[in-house]
Amino acid sequence: MTEDRFPGNPGAGRLPLPRPPRASVADGGLPRPAPEPAVAAPPRLEHPVLKALLGAWALAACSAEETAAVEDHLGDCGVCADEARRLREAVGLLQRPDSLDLDPGLRTRVLESCLDRRPPRIPVPEWATAYDAETARLDALLQDFGDAEWHAPVRLRWFRGQDATSRRTTVAGVIAHLLAVDGLVAVALGLDDPLGPAAGGTAGKPAGTPAERTEAFWEASHFPPTRSVRGPWREQAHAIVRTVSLSDGDGDRGTTRAGEAERGEDPGTVAVSYGDFELPLRDALVDRAFECWVHAVDIAEAVDYPYDPPAPRHLRGMVDLAARMLPAVLAERRRAGLAGPGDRRHLVTAGRPGRSLRLEIEGRGGGEWFIPLDSPAAVGSADHEVAHVALDDVEFCRLAAGHVSPEEAAAGQVGDRTAIRDVLSAAASLSRM
């Protein structure tokens, strides 16, 4: 063999040179390398046995020797190799690397999307949409609850005077509370009182405050409330929304009390009695939507489940209602000696501007409100601003729900300290059982 046979590759065809001898380990003082273990040959198994092992191999349930035998066989047998591939793909579908649990927020997002995009067969008045949405969200949360969740402990919290107070109940007890208090709206619409004839009210005028009605409902139960309370609460909520929707249209006017709708009057002005005060129906339904959301958060925390705030337009309506109620609550606290005296030099007649606190609510449900400080009949005015408070929208709602104290509320504060303290305290006193 010569180089002439490989003209384009000089040196090709030459015999390889022998390698130089390796230096002895003993010469360098290094330890001798351990001998490499001999690789055991896979056991010799028959084809039917190897084919029967394919399922166990796909599930990684074979021994090391069986795995080696199967994999050695797959290199020679195309039929078994195809079967092994199909089995491995099937195992991949059965054993997903990710958790099979649904995203905890998926139901809420789907429900919100449906509520935002699907037009109802009977349009719901804008002032009732928050109540419709919040009752639907809470009902979706309750849907899969078992007995353990229904009896999970919940503590209702609110402010009374200057002090925080609470009442221990269960998830089922919270729904019973919502059923009893929503009954105030139901009776105003001419629907049945969930407390029954024993409630002692009159037509369109239910008996008792929200707290009194709740205690009466709990005491009338032979046993603590259970999951069975969900059905009556849901049916009452549907009846309320259906009644106000029919009453707000041009067709069937429903059963709205006192014939307001039949006379063409705004059904949103129907008075709803809370025992010691009244709200027009349009505000009462926003108030009930707010309570539904607050107690839904209480329930979600009790069962360790996430729960988002309402839609921005609904959240802003709740903030607006609380801000509009603050002047009257502040005046009531002043009469009870729980707030500083108003500045008589700035007392004004109805409809005139007076000393004001600017309440700035940040977030998607926020805005600005000027709260008159010396008289609920006065008008808030930027020209008479003596204090400025800034709060996050959800934080303000937590304050109004009695879930955070005025001292703990994360608020930016500038100006008259007494006015700021009185307004934040008045916001906390909006809460009730």
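Quick notes on this structure:
- Candidate set from segment 220-248 (those that are more than 23 Å from P280 (Cα to Cα) and touching a residue at least 60 places away in the same chain (Cβ under 8 Å)); member that is surrounded by the most Cβ atoms within 10 Å (Cβ to Cβ): R230
- Boolean, P306 is surrounded by fewer than 18 Cβ atoms within 10 Å (Cβ to Cβ), farther than 30 Å from V379 by Cβ and under 21 Å from the mean Cα position of the chain (by Cα): yes
- Of all residues in segment 158-174, those that are within 17 Å of R213 (Cα to Cα) have Cβ atoms under 8 Å from Cβ atoms of residues that are polar (S, T, N, Q) and assigned to a strand (DSSP E or B), 6 or more apart or on another chain, in W158/T165; W158/S166.
- Any hit, segment 1-19, residues being part of a helix (DSSP H, G or I), over 60 Å from the mean Cα position of the chain (by Cα), loosely packed, with under 11 Cβ neighbours inside 10 Å and at pLDDT below 50: yes
- Just one residue in the set A331, A322, A350, A378 is over 27 Å from the mean Cα position of the chain (by Cα), modelled with pLDDT of 90 or more and among the small types (G, A, S); that residue is A331.
- Neighbours by Cβ (under 7 Å, 6+ apart or cross-chain): first from segment 405-422, touching a residue at least 40 places away in the same chain (Cβ under 8 Å); second of a type in the set (K, R) and exposed (fewer than 15 other Cβ atoms within 10 Å of the Cβ): none
- Cross-chain or 6+ apart pairs with Cβ under 7 Å, segment 42-63 first and under 21 Å from L94 (Cα atoms), then in a helix (DSSP H, G or I) and of a type in the set (D, E, K, R): L53/E66; L54/E83; A58/R88
- Qualifying residue in segment 361-375 (condition: out of contact with any Pro (no Cβ under 7 Å at 6 or more places or on another chain), surrounded by fewer than 20 Cβ atoms within 10 Å (Cβ to Cβ) and of a type in the set (D, E, K, R)): yes
- The set of residues in segment 366-411 that are in a strand (DSSP E or B) and of a type in the set (G, A, S) comprises G367, A387, A390.
- Just one of the numbered conditions (1) touching a Gly at 6+ places or on another chain (Cβ under 9 Å); (2) closer than 17 Å to S431 by Cβ; (3) among the charged types (D, E, K, R) is not true of R334: (2).
- Of all residues in segment 112-152, exactly one satisfies the criterion of being more than 25 Å from P225 (Cβ to Cβ), part of a helix (DSSP H, G or I), aliphatic (A, V, I, L, M) and modelled with pLDDT under 95, namely L115.
- Yes/no for L179 being crowded, with 19+ Cβ neighbours inside 10 Å, within 10 Å of T214 (Cβ to Cβ) and over 18 Å from the mean Cα position of the chain (by Cα): yes
- Taken over segment 214-245, the criterion of being in contact with a Gly (Cβ under 6 Å, 6 or more places away or on another chain) and either assigned to a loop (DSSP other than H, G, I, E, B) or at pLDDT below 90 (or both) is satisfied by P225 alone.
- Test for V185: is it hydrophobic (A, V, I, L, M, F, W, C) and under 30 Å from E407 (Cβ atoms): no
- When residues of segment 386-428 are limited to those that are among the polar types (S, T, N, Q) and over 24 Å from the mean Cα position of the chain (by Cα), the one nearest to E332 (Cα to Cα): S425
The values are calculated or read from the model by the stated rules, or taken from the named source; none is laboratory data. Just so we're clear, the structure is a prediction, and the values are computed from it rather than from any experiment. So basically every Cβ, Gly included, is an ideal-geometry build from the backbone, and we count neighbours across all protein chains shown.
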